[in-house]
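In what follows, a structure is listed as structure tokens, so that the remarks can point back to it.
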């Protein structure tokens, strides 16, 4: 029988560590949930989850001026990725670009009436999928603990980047 290369056992321990396993579980769960949401939105509403995220951002504070740059930052997309996404949404009649009154070089994005209507339908689908796969599998106490923990992680990450 051949001997294992010198770092195989060490590599296996690292790959099977609780930290790697637990973080992988978080990522896999979040990815699977996002896929469920995206699939339901595409099937029932004809929009992607990313398009819904844009509409959420645009509908959150009516009348707020939101630039493409702000959307890119909020959605952690590249500038070119955001431009392509807004192009598709504009072609679908969900949003429109308007010049910023304060800076002609800046394009603001706002939802259209069709976009607001699509958002309301998509928000209901999103809520149903989130309820089924994120909320219902947990007890009320576990859900509160999970969301509290996720908020703490988010705060730590935001504080660290400042």
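List every residue pair whose Cβ atoms sit under 7 Å apart, with the two residues 6 or more apart in sequence or on different chains, where the first one lies in segment 85-98 and is free of Cβ contacts under 8 Å to residues at least 60 places away in the same chain and at positive phi and the second, anywhere, is exposed (fewer than 15 other Cβ atoms within 10 Å of the Cβ) and part of a helix (DSSP H, G or I).
Note: pairs meeting the criteria are 93/114.
Take the residues of segment 114-134 that are without any contact (Cβ under 8 Å) to a residue 12 or more places away in the chain and within 17 Å of the chain's Cα centre (by Cα): which is surrounded by the fewest Cβ atoms within 10 Å (Cβ to Cβ)? Steps first, please.
The initial filter retains those residues of segment 114-134 that are without any contact (Cβ under 8 Å) to a residue 12 or more places away in the chain, namely 117, 120, 124, 127, 131-132.
Still in the running and within 17 Å of the chain's Cα centre (by Cα): 124, 127, 131.
Working: 124: 12, 127: 12, 131: 10.
Top of the filtered list is 131.
State all residues of segment 135-147 that are surrounded by 10 or more Cβ atoms within 10 Å (Cβ to Cβ) and part of a helix (DSSP H, G or I); if no residue qualifies, say none.
135, 142, 143, 144, 145, 146, 147
From 43, 13, grab the single residue that is at pLDDT below 95 and out of contact with any helix residue (DSSP H, G or I) (no Cβ under 8 Å at 6 or more places or on another chain).
Details: 43 fails: at pLDDT below 95.
When all the criteria are applied, what remains is 13.
The values are calculated or read from the model by the stated rules, or taken from the named source; none is laboratory data. Small disclaimer: the values here were computed from a predicted structure and weren't measured. So basically every Cβ, Gly included, is an ideal-geometry build from the backbone, and we count neighbours across all protein chains shown.
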